[in-house]
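Some notes on the structure that comes next.
The values are calculated or read from the model by the stated rules, or taken from the named source; none is laboratory data. Small disclaimer: the values here were computed from a predicted structure and weren't measured. A quick note on method: Cβ atoms are made from the backbone with ideal geometry, for glycine too, and the neighbour counts reach across all protein chains shown. In case anyone asks, the SASA skips ligands and DNA or RNA and just uses the protein heavy atoms, side chains included. Shrake-Rupley method; radii C 1.70, N 1.55, O 1.52, S 1.80 Å.
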Amino acid sequence: LGGARQLGFTARLSLLNRTLTADFVQPHFPLATSRTRLIASEGREDEDAYRLDRTRLSPRLEWQPTATVTAFGFYRAEDDSLDGVSDAIKRRLPGAAPPNSVLSGLGLGADWTITDNLLDPTRGWVTNASVEPVGGALGGDVSFVRLLAEERRYQPLVGRLRAVVRLRLGTAEPIAGSHEIPLFERFYVGGINSVRGYGRRRIGPLVDDEPIGGRSAVEASFELRHPIRGALDGAVFLDGGQVSQQSFDFPFTHLRYGSGVGARYRSPVGPLRLDLGFPLRPPRGDSSWQVYVSLGATF
């Protein structure tokens, strides 16, 4: 659009999510080290426990004071239409399934990245944290505050053997008269980029065999990687995670674990991954193994 401005469109289509997003970027505004974005999206989520139609508008300001640190602030205004929630879930979580709601939230956070490769790092670390109050004085129909933090470490060991460690924590607390976190804003654990070996969102409480997530969540992973031949790497991993129905309650003593092996092909656009995971304590009736295929680093 001239002046290094950009306008991009992204469409996503799957059995779980259908989203159309427009993203306008104005670089070097209001400072030379910052940029302003305006993101608009329309989407639908088809999860086991609910169906959600979501319209969102989000102005975002990103500031990069150094080459490794990015701070950001954003506002989101969204209209949500929720259906497909069973009566059993509504009884279990009163107030968590509003059929129509408007959300108004203001978020602040920062990313600190020191790695040798942004697509497929082998050494360094990535740290990020954010806080987002929703509702209250900002308006909207639902009020809560959400906090997220994640740490990833990439460490060479002996020879060409590498270790990767990840820890992710999240929690949300209802505020200003709200009594529960909506289903679509709760934390869920299990699946391809979470705890491998388990099905999507299958760790934590189930109501009529449907996941309801939690107010707090822990995810942790340890992975060893080693080249096999050429651009092909092998990996072994151990993941753990759990959700809690309480805010600020991180259930480290009740983690569910999954382990397995994987292969990584280093393509020009990032690693192509194939993982075979085994849950140590799967929910009754779930598979005793899972296969995951994806493009991009696990973490």
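Put simply, of Ser86, Ser130 the only residue that is of a type in the set (Gly, Ala, Ser) and closer than 17 Å to Glu180 by Cβ is Ser86. The residues in region 279-299 that are part of a strand (DSSP E or B) and free of Cβ contacts under 8 Å to residues at least 40 places away in the same chain can be counted, and the count is 3. Among the residues of region 88-130, just one is of a type in the set (Lys, Arg) and either in contact with a helix residue (DSSP H, G or I) (Cβ under 8 Å, 6 or more places away or on another chain) or in contact (Cβ under 8 Å) with a residue 60 or more places away in the chain (or both), namely Arg92. Just to be sure, is Phe72 closer than 18 Å to Gly105 by Cβ and touching a strand residue (DSSP E or B) at 6+ places or on another chain (Cβ under 8 Å)? Yes: the conditions hold for Phe72. Looking across region 158-179, just one residue is of a type in the set (D, E, K, R) and at pLDDT below 95, and that is Arg160. Just one residue in the set Gln246, Gln242, Gln290 is open to solvent by 60 Å² or more (accessible area, probe 1.4 Å) and polar (S, T, N, Q); that residue is Gln246.
If I go through region 245-278 residue by residue, how many of them are touching a residue at least 12 places away in the same chain (Cβ under 8 Å), in a helix (DSSP H, G or I) and among the β-branched types (Val, Ile, Thr)? The total comes to 0. Across region 6-24, the qualifying residues are those that are over 30 Å from Ser86 (Cβ atoms), of a type outside the set (Ser, Thr, Tyr) and exposed (fewer than 12 other Cβ atoms within 10 Å of the Cβ), and the one among them that is nearest to the chain's Cα centre (by Cα) is Ala11.
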